[in-house]
Amino acid sequence: MREETIVIGAGQAGLCASYFLTQFGVPHTVFEAGRVGESWLSRRWDSFCLVTPNWTVQLPGVELESFDADAFMSGDDFVGVLRQFAESFNAPVQTGSLVSSVTRRGASGFEVVTNGETRCASNVIVCCGGYQFIRKPQFARQLPASVEQVDVSTYRSPGDLPDGSVLVVGSGQSGTQIAEELSESGRDVYLCVGKAGRIPRRYRGRDLSHWQLEMGIVDRTVDQLDSPADRFRGDPHVSGRRGGHTLNLHQLARDGVQLLGSLSAVDGPKISFTDNLAENMKAADDFSDTFCRMVDDYIEEKCIDAPLPDDENSDFGGGTGPCPSSPGDLDLGSCNIRTVVWATGFGFDFSWVRFPVFDEFGYPKTKRGVTEVEGLYFLGLNWLHTRKSGTILGAGDDAKHVVDHLRQTRTVPVR
Ligand SMILES: Cc1cc2nc3c(=O)[nH]c(=O)nc-3n(C[C@H](O)[C@H](O)[C@H](O)COP(=O)(O)OP(=O)(O)OC[C@H]3O[C@@H](n4cnc5c(N)ncnc54)[C@H](O)[C@@H]3O)c2cc1C
């Protein structure tokens, strides 16, 4: 059997790896369980659009002429970009190929099993993303069967849900975007608020992504984090919809969304909340204030000619206000809550990669994607190397690093 390099996953990370392997003539195959861009195709809701501006879509060799750089393309548009990217270099993607195991073969090779077929590989690059499934609390099972349960990867649109009120659990980026959409569609929405921060879409005349790039926030490296657990922190809530805008819990409350403390227990139709709404809303406010102060300090330090913050050049999402009170518990029936949307964070499972390269969280231990097992690599994960490693903006750089390492350390046949 011919030895080759196998890439697992045809999202932005896998396609970037394939791009550089192709550039350097390294024979390889990309095994993709679904289709190119499957995560964006089948795990995002209908109105989904990027939260990062189009200029952050920096895939190697790709020019985005037809998109406004400061706008936010839809998920479908991004899938189109990924398909064009793959076609532009004839990426050898084998779709419909779920990899069920990666094991050792001989002294230094790999056996990769997909669709019951075993392929031999001299190198394996795992690009399966870190947002693989929604982590739901155990007590989710205790909800009445009459209540529809969806999560942020299965939610599609307000019209797809049974009539009635909706409870969204989790105020991260996805949860808050979905709560806003449901509220705007006329639904009665209940939102369990968690620890996620708020970040202003625009501040002192520029989009947050510009400031994050210029201030080096996206280039912070994983070793600068206080704790390894910080790699799994949810992103602050913000939106790319309607040209991009700030999502503010205070404004959602003013618009009629019932804010609640974190969901703490489910006993059939009775659901209970932790008494932490005020604390969590303050945490969201503080997150936004901290970001604004960091930008202010940066502007001063660099003597940047930026306007003082006002409602023209900054988007505070309607500003703060008194914290609404949350009941300690609710009866789903009397609130006519017919659907629960779980927006409680993502999990990952790499147990099918049978090598001792994982930390106490089950997360790959790598140096910028390079593991201690020669020829085994990971790409596309949050904080793999920097803050941007798990985003579209960071996929290309890390892929180049991994393919350079692979070429320098492994004997790869070159076409
Ligand atoms: C809701 C949401 C919104 C996001 N919005 C943005 C944004 O606006 N801007 C931004 O920069 N980033 C965003 N991200 C972060 C990140 O860019 C995405 O998670 C992106 O999908 C990661 O790309 P990836 O290639 O690493 O993984 P994925 O796109 O998830 O691709 C992994 C691929 O691997 C395949 N796969 C998985 N397991 C196997 C297997 N065993 N065998 C074969 N194939 C397999 C999957 O089918 C999938 O196609 C968002 C993430 C989420 C969850």
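The values are calculated or read from the model by the stated rules, or taken from the named source; none is laboratory data. What you see is a predicted model; the values in this text were computed from it and never measured. Don't worry about glycine lacking a Cβ; one is built from the backbone with ideal geometry, like all the others, and counts go over all protein chains shown. Protein only, heavy atoms only, side chains kept; ligands, DNA and RNA dropped before computing areas. Shrake-Rupley method; radii C 1.70, N 1.55, O 1.52, S 1.80 Å.
Given a Förster distance of 22 angstrom, what is the FRET efficiency for Asp267 paired with Lys195, based on the Cβ-Cβ distance and rounded to 0.05?
Numbers: r = 24 Å, r/R0 = 1.10.
Given R0 = 22 Å and the Cβ-Cβ separation, E is 0.35.
Extension gain, Leu41 to Thr409, is 128.9 nm, computed as 0.36 nm per intervening residue step minus the present C-alpha separation.
For the chain, report the accessible area per residue in Å² (1.4 Å probe, heavy atoms, rounded to an integer).
On the way: 18310 Å² over 415 residues.
Counting only protein heavy atoms, the per-residue value for the chain is 44 Å².
For the range 66-142, a Kirkwood hydrodynamic radius built from all Cα pairs, placed in the Stokes-Einstein relation at 20 °C and 1.002 mPa s, yields a translational diffusion coefficient of 130 µm²/s.
At 1.4 Å probe size, put Cys303, Cys127 in order of accessible surface, largest to smallest.
Details: Cys303 115, Cys127 10 Å².
These residues rank, largest area first, as Cys303, Cys127.
Residues whose amide H lies under 5 Å from that of Val7, counting only those 5 or more places away or on a different chain, are Thr29, Val30, Phe31, Ile125; hydrogens are built 1.01 Å from N in the peptide plane. Taking Cβ atoms as reference points and 13 Å as the exclusive limit, the residues near Gln212 contribute a net charge of +2, counting Lys and Arg as +1 and Asp and Glu as -1.
With all protein chains present and a 1.4 Å probe, how do Met215, Met281, Met294 order by accessible area, largest first? Working shown, then result.
Details: Met215 45, Met281 5, Met294 85 Å².
My answer, sorted largest first, is Met294, Met215, Met281.
With respect to the chain, whose longest principal axis is taken over its alpha-carbon atoms, helix 392-409 is tilted by about 20°. For the range 263-306, the residues whose backbone nitrogen is under 16 Å from a point 7 Å from the Cα of Ala145, taken along Cα to Cβ, are 268-269.
Each residue of the range 321-333 is assigned a 3J(HN,Hα), and the resulting list reads x, x, 7, x, 8, 10, x, x, 7, 9, 9, 4, x Hz, derived from the Karplus form 6.51 cos²θ - 1.76 cosθ + 1.60 (θ = phi - 60°), x at Gly and Pro. The calculated FRET efficiency for the pair Gln138 and Lys302, based on their C-beta separation and a Förster distance of 51 Å, comes to about 0.55.
For the chain, what does -39500 (n - 2.57) per DSSP helix run (n ≥ 4), summed and divided by total residues, give at 222 nm, in deg cm²/dmol to the nearest 500?
Calculated at 222 nm, the ellipticity per residue is -7500 deg cm²/dmol.
Against the empirical 2.2 N^0.38 Å (N residues), the range 256-332 has a Cα radius of gyration ratio of 1.59. For Ser101, the residues 5 or more places off, or on other chains, whose built amide H falls under 5 Å of its own are Val113. Placing a pseudo-label 7 Å from each Cα along the Cα-to-Cβ vector at Phe89 and Ala283 gives an inter-label distance of 4.1 nm. Extent of the chain along its three principal axes (Cα atoms, max minus min coordinate, largest first): 65, 58, 40 Å. Length gained on full extension, Asn336 to Thr154: 63.4 nm, using 0.36 nm per residue less the C-alpha separation.
In this structure Lys400 has an accessible area near 70 Å², from a 1.4 Å probe over the protein heavy atoms. So what's the angle, to the nearest 10 degrees on a 0 to 90 scale, between helix 75-88 and the longest Cα principal axis of the chain? Its long axis makes an angle of about 10 degrees.
Across all C-alpha atoms in the range 117-256, the radius of gyration and Dmax reach 18.7, 59 Å. Temperature 10 °C, viscosity 1.306 mPa s: under these conditions the Stokes-Einstein estimate for the range 1-130, based on its Kirkwood radius over C-alpha pairs, is 102 µm² per second. Straight-line cross-link partners of Lys270 among the lysines, defined as a Cα under 30 Å from its Cα and at least 8 positions apart when in the same chain: Lys136, Lys195, Lys282. Ordered from largest to smallest accessible area (heavy atoms of protein chains, 1.4 Å probe), the residues Lys367, Lys302 come out as Lys367, Lys302.
Test of understanding: what is the full-extension gain from Ser185 to Phe24, defined as 0.36 nm times their sequence separation minus their Cα-Cα distance? Kindly include the intermediate steps, with their values, before the conclusion.
Numbers: separation 161, 0.36 × 161 = 57.96 nm, distance 5.03 nm.
Taking 0.36 nm per residue and subtracting the Cα distance, the gain is 52.9 nm.
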